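For reference, the structure discussed in these notes is given below.
The values are calculated or read from the model by the stated rules, or taken from the named source; none is laboratory data. Everything numeric here is computed off the predicted structure, so don't read it as measured data. Cβ placement follows ideal geometry from the backbone for every residue including glycine, while neighbour counts extend to all protein chains displayed. For accessibility, only protein heavy atoms count, side chains too; no ligands or nucleic acids. Shrake-Rupley method; radii C 1.70, N 1.55, O 1.52, S 1.80 Å.
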Amino acid sequence: MVCICNATYCDTVDPLVLPPLGSYVKYESSKAGKRLERSEGRFQRRLCAPGTTVGSKGWDGPLCDPPSRWAPFPADLVLTLDTTQRFQRVKGFGGSITDAAAINILSLPEKAQDHLLRSYFSEEGLEYNLVRLPMASCDFSLHAYTYDDVPYDYELTHFRLRDEDTKLKVSGGREQAMAMSKQPLSLCASPWTSPTWMKTSESYVGKGTLKGQAGDRYHKTWANYFVRFLDEYAKHNVTFWAVTAENEPTAGLINNYPFQCLGFTAEQQRDFIARDLGPALANSSHHHVQLIILDDNRLHLPHWAKVVLEDEEAARYVDGIGIHWYLDFIGPIQDTVLPTHELFPDYFILATEASIGAYFWERDVILGCWDRGNQYSHSILLNLNHFVTGWTDWNLALDLEGGPNWVKNYVDSPVIVDSSEGIFYKQPMFYHLGHFSKFIPEGSQRVGLIPSKESKKTDLEYTALVRPDGAVVVVVLNR
């Protein structure tokens, strides 16, 4: 189940118009081929159990409407909205502009590029509002690099953005996305590795941490590197909502780790933030930029949050906690995310990366795979229902192989580009994401949705939110 888009055709979704009071709009995607298919209906003022008469108290509900308005009572699934129960506010949904994503987008004819970006960012698409950008290279680059590979340049006098930034990530997606989006995009940057001369391994890859310890010149220089990154992007009129202290800091603690990484334990991240990164950001013109810790698999919670946030000096600089989904099956959400929220309710928790095909036992790209869409929706619903404020996909677009990736760590993506044909495929993952991103704008608040006893026996998954405009969104997944 894919939509094939090219320079002349791509499917669109009409901009959302809220229905009049007493009516609802339904959008449905299905394995049988519906893609955000829109229909409308009216709510019945009261539901009636079959066989009751006007004015009868034959069931424990309100009095019935006249017989012409009767409806059979759907005993298998009744969800009752309770807007007095208020939970977390939503930050948003989106994906990542890696070097690979930008290369794939720019490999298409100009009109097809436009269709692809509109599909994600415009009112006729999914209306993404979150974009994650790697700081310098990651595995989804053509080669490893940083912004200052000149050894022992503690003053960062040789710090330069690369063509991958100015010609790919800035011009190859972000600018058009900003222009197409009716709401401001929130950009988040994450570093994979520092320059090798700052690292114990003196290599982009493999086990290695920053040399020395927090407060020394290596740590101060690395903190200033973040500020310089924000400075240089600001010269291109790109400002960031947040940075993460490190992408997957535990990766750099693993022997022979195959691509760019920089190791931190929770204690090392705490001290680096307290002594170096926090003050560097706070004393710069980017003091408004939010700082996110962890940015790694949720099984490190609540331990990681406790170590960093129970330290007053570090905690004052931190705004949120980022989680990846790759080891969710060994870190249940009720044992990791839930206790973290209960311990630290003032810090947001945001899902910052997810992709399918990363495990050695999985095929990288499976065009049209409905189950991969199901996996996305299941994860988003589970996260939303446990106080997570948003969900960020990994690469916005990859090629038929699931790359390019300089270490051949291929994965799947909601959009797959075939540049030889000038086309791209929108996969089920794309439409599943749209059921959240298009209808749940930033500032929406999750509310109570209570299933009847019978409903608890079904395998349906669901959540409800009140939007800033007062409309209610209910998302229901039937896997």
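In the set Y128, Y145, which member is open to solvent by less than 50 Å² (accessible area, probe 1.4 Å) and without any contact (Cβ under 8 Å) to a residue 40 or more places away in the chain? Only one candidate passes the filter, namely Y145. Here T389 meets the list (1) hydroxyl-bearing (S, T, Y); (2) buried (at least 24 other Cβ atoms within 10 Å of the Cβ); (3) over 25 Å from V78 (Cα atoms) almost entirely, failing just condition (2). In the stretch 314-338, the residues that are farther than 28 Å from P279 by Cα and part of a loop (DSSP other than H, G, I, E, B) reach residues that are open to solvent by less than 40 Å² (accessible area, probe 1.4 Å) and charged (D, E, K, R) with C-beta atoms within less than 7 angstrom, at least six apart or across chains, in these pairs: G331/R298. Based on what the data block shows, is D459 of a type in the set (D, E) and either modelled with pLDDT of 95 or more or under 24 Å from W241 (Cβ atoms) (or both)? Here the answer is no, as D459 does not meet what is asked. Test R118 against the criterion of being closer than 26 Å to A177 by Cβ, open to solvent by 10 Å² or more (accessible area, probe 1.4 Å), in contact with a helix residue (DSSP H, G or I) (Cβ under 9 Å, 6 or more places away or on another chain) and among the basic types (K, R), and give yes or no. In short, yes. Entry remark, the stretch 189-205: residues being open to solvent by less than 10 Å² (accessible area, probe 1.4 Å) and outside any helix (DSSP H, G or I) number 8 in total. In the stretch 331-361, the qualifying residues are those that are at pLDDT below 95 and loosely packed, with under 14 Cβ neighbours inside 10 Å, and the one that is nearest to N395 (Cα to Cα) is Y359. Residues of the stretch 212-239 that are open to solvent by 10 Å² or more (accessible area, probe 1.4 Å) and closer than 15 Å to V131 by Cα: T239 alone.
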